[in-house]
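The values are calculated or read from the model by the stated rules, or taken from the named source; none is laboratory data. Not measured: the values here are computed from a predicted model. Note that each Cβ is placed from the backbone with ideal geometry, even for glycine, and that neighbours are counted across all protein chains shown. Note: accessible area is taken over every heavy atom of the protein model, side chains too, but ligands, DNA and RNA are not part of it. Shrake-Rupley method; radii C 1.70, N 1.55, O 1.52, S 1.80 Å.
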Amino acid sequence: MLTKVTTVLLVLLGLSGRPALAEQSATEAPPADHRFTAQLGIEATVVGFSVGPRLDLLYRLGGPGSFSNLRLTAGVLVGPEFVYLPVGLGYRAAFRPTKTVQPLVGLGTEVHLFMVAGHVFRQWGVVYLEAGSGFAVTQRVSLGAIATVDWATIGEPGPGLAARLFVGYRF
Amino acid sequence: MGVSRQTSDRYRESPSGAVRTIKGKGSAEPADGWLYLTPVGTKPRLVASNFRPLLAKDVSMNSSLRHAPWVPPLLTPLLLALSVWTGCGAEQGPECRAFVACVAKLDAVKLTQTNVSRFLPEGACWGSDKSAQVCESSCRRGVIQLLAQEPLLACPQGVTP
Amino acid sequence: MTFRKLSRCLLFGMLTSLLLLRGDEAQAHLPNILRPGEVFQVPDPLLSFALYGTFSHADEVFEVRLQPETPLAVPIEIMVPRQDALTNHRPLFAIVGKGLPKASATELAQLPRPLPDGMGVVLGRYEREDREILFESFSRRVLYTNGVVAYVLPAGDVRMWVWSPSGTTGKFVLGFGVEEGKQDFGNLIANWGDYAY
């Protein structure tokens, strides 16, 4: 149910924002062509509690006006019962790169490793959805927040929910 | 999909935090499909692990994916999202066959009819690998429990007596 | 095809496929809360339950009752979160009912309450000094377990008592059955604090 609700929200976000933003981004491209963005965040998982850093590396697909990004991500989160290591690959649509408020949505796939007593205790594959927004501090630096839901599809089924605060840098 | 001893998710851990292993037939405790770790001094050492990279063959729900071993691990969940999840199951295991037979003998003695539907071939035990592993372990110990309760029962135990 | 069109196709194609995932139909234990001094009545012993409780005091006893129409074989285990503070927390359970073996003097001494007349008892046990641990996928928890056992419960009035023999306090989960319930996300969210941490 959570996955479906989030999916619908994601669709609505995409539908409402896309045409205007596409034109906007075409006319208001960033002055410098920064294809890469690195985001370092602090993430907390709500399902299976853990907290820790997560690094996202985004590569813009297409020209300067494109909102499409390839996302590589990895994190190390520590909880009372396990250490959680997510590694993932996904797609992120990041809108309005020249504005103060920069909404983003994305989805993709991750492999989650859960370590207990220093050993990989459990691993599975998930499909995730994410939504959030960045807030520009300078042309290159932004702060932001993202919420993520996921569903384990390889291995045992199970939901996931996490929130993350990040600082981003374009280069 | 049968019950695999390579995909278990249970370990043993000693009170001191060291983890240890008991494995295979003839050990102090019969093998029950779980994986174990062993202590070396005070530092735990992994001697048997269920860890292996996720592979395309893990996607057992979709035959087209099942026959694509070249699919990189990270792409497998993505491809799965493009397929319809039909679920997977396991077959009734030997421990639970033995348990069901033992309960039948108990019923014959007590003139009862115990509901063992969970453990029958079409029961809930075999809906997933995880539940199959839990059931096999519970059945193995269940036979021991039944024999403790009714010592006169002549029940053969499962594959790990 | 431009990148924008490609992006749209990718986004909506994947979203559509996600709608096909039948996550809400996944089978799992139905969670519920146990409170000391209250009796939790299992509504349907043919479904599976994960019953969450917390020992705040050493002398608390939790009680579960069920009424199987016929004798019933069911896996039961007791679990504790695998956390440093709970390493020595080993709650125990007893199954009480007519037709179960008569309690020995040792067992009677272990029980937290006197046995009702005519009822026998089976005590849960910890197989070993070291502890089996497991991963619970729906709440992403790592738990100690006493080792799941398939018990044969008698028909009629069956009670399960959970107590802490060594007087330790902390959380526990009584697992009952196989994964036989459709996940109730409303209940999960409403009681998330009890189930998840």
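Listed here are the residues, each with its yes/no results for (1) closer than 21 Å to C:Pro154 by Cβ; (2) surrounded by fewer than 19 Cβ atoms within 10 Å (Cβ to Cβ); (3) at pLDDT 90 or above.
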position	(1), (2), (3)
B:Asn62	no, yes, no
B:Pro77	no, no, no
B:Val103	yes, no, yes
B:Ala108	yes, yes, yes
B:Leu111	yes, yes, yes
B:Thr114	yes, no, yes
B:Cys125	no, no, yes
B:Lys130	no, no, no
B:Val143	yes, no, yes
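Would you check which residues across the range C:64-93 are of a type in the set (D, E, K, R) and crowded, with 22+ Cβ neighbours inside 10 Å and list them?
The answer is C:Glu77, C:Arg82.
Please specify each residue of the range C:128-168 satisfying the condition of being at pLDDT below 95 and basic (Lys, Arg).
Answer for the range C:128-168, where residues must be at pLDDT below 95 and basic (Lys, Arg): C:Arg128, C:Arg131, C:Arg140, C:Arg141.
Does C:Gly147 satisfy being on the phi > 0 side of the Ramachandran plot and either more than 14 Å from every other protein chain (Cβ to nearest Cβ) or open to solvent by 20 Å² or more (accessible area, probe 1.4 Å) (or both)?
No; evaluated as a whole, the condition is false for this residue.
Tell me which residues, restricted to the range B:86-123, are within 21 Å of A:Thr153 (Cβ to Cβ) and within 11 Å of chain C (Cβ to nearest Cβ).
Restricting attention to the range B:86-123, the residues satisfying the condition of being within 21 Å of A:Thr153 (Cβ to Cβ) are B:86-90.
Matches in the range B:86-123: B:Thr86, B:Gly87, B:Gly89.
Whether any residue in the range A:133-149 is touching a residue at least 24 places away in the same chain (Cβ under 8 Å) and within 14 Å of chain B (Cβ to nearest Cβ) is what I want to check.
Checked the range A:133-149: at least one residue is touching a residue at least 24 places away in the same chain (Cβ under 8 Å) and within 14 Å of chain B (Cβ to nearest Cβ).
So which strands (runs of 3 or more DSSP E) are wholly in the range A:66-171 and hold at least 2 residues that are at pLDDT 95 or above, on the phi > 0 side of the Ramachandran plot and open to solvent by 40 Å² or more (accessible area, probe 1.4 Å)?
none
Looking only at the range C:158-178, count every residue that is within 12 Å of another protein chain (Cβ to nearest Cβ), among the β-branched types (Val, Ile, Thr) and surrounded by fewer than 23 Cβ atoms within 10 Å (Cβ to Cβ) and tell me the total.
Here the count works out to 0.
Yes or no: C:Ala155 closer than 25 Å to B:Ala98 by Cα, open to solvent by less than 10 Å² (accessible area, probe 1.4 Å) and not acidic (Asp, Glu)?
Numbers: closer than 25 Å to B:Ala98 by Cα: yes; open to solvent by less than 10 Å² (accessible area, probe 1.4 Å): no; not acidic (Asp, Glu): yes.
The answer is no for C:Ala155.
Please specify each residue of the range C:68-79 satisfying the condition of being within 12 Å of chain B (Cβ to nearest Cβ), under 15 Å from the mean Cα position of the chain (by Cα) and more than 18 Å from B:Leu120 (Cα to Cα).
Within the range C:68-79, C:Glu77, C:Met79 meet the criteria.
Quick one: how many residues across the range A:29-65 are open to solvent by 10 Å² or more (accessible area, probe 1.4 Å), touching a residue at least 40 places away in the same chain (Cβ under 8 Å) and not in a strand (DSSP E or B)?
Here the count works out to 8.
How many residues are in contact with a strand residue (DSSP E or B) (Cβ under 9 Å, 6 or more places away or on another chain), open to solvent by 40 Å² or more (accessible area, probe 1.4 Å) and of a type in the set (Ser, Thr, Tyr) if we restrict to the range C:105-137?
Adding up the residues that qualify gives 1.
Here is a yes/no grid of residues against (1) free of Cβ contacts under 8 Å to residues at least 60 places away in the same chain; (2) on the phi > 0 side of the Ramachandran plot:
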| residue | (1), (2) |
| --- | --- |
| C:Ala94 | no, no |
| C:Leu111 | yes, no |
| C:Leu115 | yes, no |
| C:Val122 | yes, no |
| C:Arg140 | yes, yes |
| C:Arg159 | no, no |
| C:Val162 | no, no |
| C:Gly170 | no, yes |
| C:Ile189 | yes, no |
